[in-house]
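K.L.:
Mind looking over this structure? Questions follow.
The values are calculated or read from the model by the stated rules, or taken from the named source; none is laboratory data. Everything quoted here is computed from the prediction, not taken from an experiment. Cβ coordinates were reconstructed from backbone atoms using ideal geometry, including for glycine residues, and neighbour counts include every protein chain displayed.
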Amino acid sequence: MRVCIIGTGYVGLTTGVCLAHFGSDVICVDKDAERVRTLKKGIPPIHEDGLKELMEGGRARGRLEFTGDLRYGVANSDIIFITVGTPSLPGGGPDLSAVRRAAAGIAECMDGYSIIVIKSTVPVGTQKLVSGIIKDKVMGQAVFDVLSNPEFLREGSAIFDTMHPDRVVIGADNPEAAKVLARLYRPIGGKVLITDPESAEMIKYASNAFLALKISFINEIANLCERTGADVTKVALGMGLDSRISPDFLKAGLGYGGSCFPKDTRALQDLARKNGCTLKTVESAIEVNEDQRLRAVEKLKAALGDLAGKTVGILGLSFKPNTDDIREAPSLDIIREIIGQGGSVKACDPAAVPNAKKAIHEVEYCDDAYLTAQGADALILVTEWEQYRVLDLKRLKSLMKRPVFIDGRNVYDVDAMPDLGFEYYCIGRRDYCHK
Ligand SMILES: NC(=O)c1ccc[n+]([C@@H]2O[C@H](COP(=O)([O-])OP(=O)(O)OC[C@H]3O[C@@H](n4cnc5c(N)ncnc54)[C@H](O)[C@@H]3O)[C@@H](O)[C@H]2O)c1
């Protein structure tokens with residue numbers, strides 16, 4: 001099948017390369033000329049395992065093209081995906097301007113019959129909104145169906161998730177159009193669920209909000225564990241063995257970040273408000289998450305006292321391992337708070353330093369954890385990259401001015417760290433620094 005993808009970010013590019021891998025002819029369109037130039041050179045603009053190889057394979061087989069020319073993409077496709085960003089507006093609702101612009105652009109280029117698929121995360125009612133925009137523009141000159149097809153991939157494992165989906169949700173008014181989209185996904189597999197568009201749109205937000213809720217719940221339990229002597233890692237293990245609960249998303253830490261959970265929980269809250277309801281559980285999840293990331297700074301102050309004049313090393317900047325994405329990453333709030341309190345910050349990350357440099361200038365960015373530890377009064381592990389799980393901890397400690405270690409992701413052994421001489425603080429387990 002011939003596919004056009006509008007927006008080559010984490011979702012669009014991943015979807016495009018995977019569909020090309022499974023035999024579709026894919027044209028990826030982006031309005032960002034620099035991004036298109038980079039893609040045409042075979043360089044992925046984002047960090048995702050396996051992406052470069054799939055891009056090379058798709059281009060070599062002539063199944064994958066990159067362009068800034070929307071008309072070319074639409075004219076040569078049967079199915080057109082909208083995968084543009086839907087960031088938060090100041091009030092919490094999603095900014096749909098890119099979706100609107102993409103819809104209007106598609107309408108101007110359409111000819112014959114097209115299936116337009118909204119893969120961006122959008123509030124209930126957006127499928128109708130997009131249909132209306134296109135209908136007004138084409139004025140009977142073209143025939144089309146607009147489907148909702150939310151995306152569930154996770155950054156850091158985007159290719160794997162796209163190739164092994166738990167489910168493919170398709171929201172459609174026209175069952176025939178839904179069948180065509182289901183056929184496109186057939187080589188990939190995954191359980192296909194066909195619903196009305198409104199339910200499909202809600203499934204995405206409800207899923208993300210539920211996962212955010214799980215994370216905030218375990219973080220609250222972690223904070224209680226610290227006061228009661230329980231160990232949250234053991235508690236989560238015991239809870240997760242219950243098949244009704246599952247162990248996923250039960251890792252206590254510094255809270256969730258990224259381009260999805262924070263904005264999608266706010267968007268759901270906004271949707272509820274506009275419909276005269278309050279989602280108390282979602283509101284609480286957001287509040288707990290905002291507090292949780294600053295637990296690292298509270299622990300830092302408990303160890304160091306006043307932060308003025310102190311140097312803190314940050315291990316990990318991306319919102320999760322295996323991605324270069326720093327959107328709403330806990331690291332950013334933690335760094336700003338330390339600097340705001342008069343401390344200075346050194347930081348490293350295997351992939352996210354270029355993006356972090358654009359967001360925060362007042363940081364000394366280092367090439368690795370050892371350079372970050374050099375002369376530091378404390379280290380905070382913010383993102384649990386594999387590289388930071390296998391550090392030479394003796395060497396790390398020998399480089400520090402004072403061996404305060406805040407383990408924001410419970411990566412290290414609570415007994416071994418104090419034995420190595422660290423003043424060790426973690427989340428929801430007893431701090432063993434005074435052992
Ligand atoms: N990132 C994720 O993990 C993830 C997972 C599931 C769903 N989503 C949702 O998917 C959507 C896209 O997210 P993302 O992270 O891939 O976004 P992104 O910001 O990484 O990429 C968006 C891309 O769209 C391009 N774009 C914007 N308007 C355009 C237009 N009119 N024409 C052509 N290109 C245009 C931008 O230049 C950019 O390259 C969002 O709604 C997001 O909530 C994201």
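K.L.:
Looking at A102, A107, A98, can you tell me which residue is touching a strand residue (DSSP E or B) at 6+ places or on another chain (Cβ under 9 Å) and away from the ligand (no atom under 12 Å from the Cβ)?
P.N.:
The unique qualifying residue is A107.
K.L.:
Moving on. Taking the condition of being surrounded by fewer than 20 Cβ atoms within 10 Å (Cβ to Cβ) and over 21 Å from the mean Cα position of the chain (by Cα), how many residues in segment 347-364 meet it?
P.N.:
So the answer is 3.
K.L.:
If we keep just the residues of segment 172-199 that are of a type in the set (D, E, K, R) and part of a helix (DSSP H, G or I), which is nearest to D25 (Cα to Cα)?
P.N.:
Here is the first cut: in segment 172-199, the ones of a type in the set (D, E, K, R) are 173, 176, 179, 183, 186, 191, 196, 198.
From what is left, the residues that are part of a helix (DSSP H, G or I) are 176, 179, 183, 198.
Numbers: E176: 21, K179: 19, R183: 14, E198: 29 Å.
By that ranking, first place goes to R183.
K.L.:
If a residue counts only when it is within 16 Å of the ligand (Cβ to nearest atom), of a type outside the set (D, E, K, R) and in contact with a Ser or Thr (Cβ under 7 Å, 6 or more places away or on another chain), which strands (runs of 3 or more DSSP E) contained entirely in segment 1-67 have at least 2 such residues? Give the steps one after another, and end with the answer.
P.N.:
Values: elements: 2-6, 25-29, 64-67.
Output list reads 2-6, 25-29.
K.L.:
Of all residues in segment 153-165, how many are surrounded by fewer than 13 Cβ atoms within 10 Å (Cβ to Cβ) and within 13 Å of the ligand (Cβ to nearest atom)? Outline the logic, then answer.
P.N.:
Of all residues in segment 153-165, those surrounded by fewer than 13 Cβ atoms within 10 Å (Cβ to Cβ) come to 164.
Filter again for within 13 Å of the ligand (Cβ to nearest atom), leaving none.
The qualifying residues number 0.
K.L.:
Let me ask something additional. Can we say L184 is among the aliphatic types (A, V, I, L, M) and more than 16 Å from the ligand (Cβ to nearest atom)?
P.N.:
yes
K.L.:
I would also like to ask the following. Checking the condition buried (at least 24 other Cβ atoms within 10 Å of the Cβ) and more than 16 Å from the ligand (Cβ to nearest atom), which residue from V282, V297, V288, V312 passes?
P.N.:
Checking each option against the conditions leaves just V312.
K.L.:
Quick one: P150 ticks every box in (1) within 16 Å of the ligand (Cβ to nearest atom); (2) in contact (Cβ under 8 Å) with a residue 40 or more places away in the chain; (3) closer than 19 Å to L70 by Cβ bar one, so which box is it?
P.N.:
(3)
K.L.:
Only residues that are modelled with pLDDT of 95 or more and within 19 Å of the chain's Cα centre (by Cα): list them for segment 291-314, please.
P.N.:
Residue satisfying the conditions is Q292 alone.
K.L.:
Also: Among (1) in a loop (DSSP other than H, G, I, E, B); (2) closer than 17 Å to I380 by Cα; (3) among the polar types (S, T, N, Q), which single condition is S259 missing?
P.N.:
All conditions pass for S259, except number (2).
K.L.:
Moving to a separate point now. Within the bounds of segment 93-111, is there any residue that is small (G, A, S) and closer than 21 Å to I194 by Cβ?
P.N.:
Scanning segment 93-111, I find no residue that is small (G, A, S) and closer than 21 Å to I194 by Cβ, so the answer is no.
K.L.:
Sort through V124, V130, V169 and tell me the only one that's in a strand (DSSP E or B), assigned by TED's automatic domain parsing to the domain that holds D78, within 16 Å of the ligand (Cβ to nearest atom) and crowded, with 17+ Cβ neighbours inside 10 Å.
P.N.:
Unique residue meeting the criteria: V169.
K.L.:
Further, regarding this structure: Within segment 380-404, take every residue that is crowded, with 23+ Cβ neighbours inside 10 Å and touching a residue at least 60 places away in the same chain (Cβ under 8 Å) and give me the one that is farthest from A252 (Cα to Cα).
P.N.:
The residue in question is V404.
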